[in-house]
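Nothing in this text is a laboratory measurement; each read-out follows from the coordinates by a stated rule. Since this is a predicted model, take the numbers as computed values, not measurements. Cβ placement follows ideal geometry from the backbone for every residue including glycine, while neighbour counts extend to all protein chains displayed.
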Amino acid sequence: MHAAIQAFLNYLKIERNASELTIKSYADDLSHTIEFLQEQTGAVPDPRHIEVGILRAYVSYLHECGYARTTVARRLACLRSFFRYCNREGICETNPAKPLRTPRSGRTLPHFLTTEQVSALLIAPPGNSDAGLRDRAILETMYSAGLRVSEVVGIDLKDWDRAAGILRVLGKGRKERISPVGSYATKALDRWLEVRSPDAKAAEKQRSAIFLNRFGRRLTTRSIGRMLETHILTAGLSQQTTPHTLRHSFATHLLDGGADLRSVQELLGHKSLTTTQIYTHVSTRRLRETYEKAHPHAAKNRAS
């Protein structure tokens, strides 16, 4: 079983170009499954002998433990992918996870900021320190280009074409896309680059990053998370605000401004248009709220 899992993880890394975070998530989910199966059978299971019945028992166990439907759905997707790989490689004769039904889960609307709240966050970092200039540049770039945190920390100096106003971004699955950078972000980047000081002794991969920590090396995603926690307090924003909130706000504000869904999909780097459609629900909800507040007959209809 362990050999099959390791081969599967190598397949994800080499052939599917999966990110380290995705591979870790799959490894954790499969490890959790093995623990359950081992408790049930008294030994580490052989993938050739795993049947749909015991996997259904595992799903029931997840529900009984109170796991969120999204977590159950993710673990089922992991099992299907793993056994599909095993079946294709001849490790298993069938895919015992294929008949398992994924629990339905309503999609929660993403938390986003108003344009006023975004403005308050963007000016929260002090403009009179190197760290403050860096943080402003990071926040402006994230909001301007709708970037994931992992994409921000991965940007190198060579990826920014200032003259063209674009960034070359490496997204999920190592898929490359071009993201536009607005004038506000450009100015913030210019000011940061004036004080940016890489560590000459660090490896090229560390000092080539556009955003550096106080030691002159590439920032981590956790560093950006801690940075944001500080500035949302300064700006007086909800604790729901995360680094991904700026990406949600980017998409919502584009659609509110009249951008078409397909263009927003391209800018976000979404593989499927279905993923992007969640933002149309946000815009529709806001449109309905505006209507109910402004239309003279809306309140009467709602009351009746």
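Here are the numbers for the structure shown:
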item	result
Residue (of LEU30, ALA7, ASN17) at the positive-pole extreme of segment 2-88, dipole from beta-carbon charges	ASN17
Residues in segment 54-72 that a label on ASP28 would reach, taking backbone N under 15 Å of a point 7 Å out along Cα→Cβ	67-68, 70-72
Label selected from (1) -0.41, -1.21; (2) -0.34, -1.29; (3) -0.49, -1.19, the criterion being log10 I(q)/I(0) by the Debye sum over Cα atoms at q = 0.08, 0.15 Å⁻¹ as computed here	(3)
Calculated FRET efficiency for the pair ALA200/GLU176, C-beta based, R₀ 41 Å, to 0.05	0.90
Cross-link partners of LYS187 among lysines (Cα-Cα below 16 Å; sequence separation of 8 or more within a chain)	none
Length added when fully stretched, GLN277-ARG56, from 0.36 nm per residue minus Cα-Cα	76.4 nm
Charge dipole (debye, nearest 20) of segment 90-165; +1 at Cβ of Lys and Arg, -1 at Cβ of Asp and Glu	480 debye
HIS49, HIS32, HIS248 arranged by Cβ crowding within 10 Å, fewest neighbours leading	HIS49, HIS32, HIS248
Cysteines not pairable in the chain (beta carbon separation under 4.7 Å absent)	CYS65, CYS78
Amide H partners (placed H, <5 Å) of LEU113, local residues excluded	SER249
Extension gain (nm, one decimal) between ALA7 and ARG48, 0.36 nm per residue minus Cα-Cα	13.3 nm
Out-of-range pairs (alpha-carbon distance over 18 Å; input LYS172/LYS271; LYS205/LYS271; LYS158/LYS271; LYS24/LYS205; LYS98/LYS172)	LYS205/LYS271; LYS158/LYS271; LYS24/LYS205; LYS98/LYS172
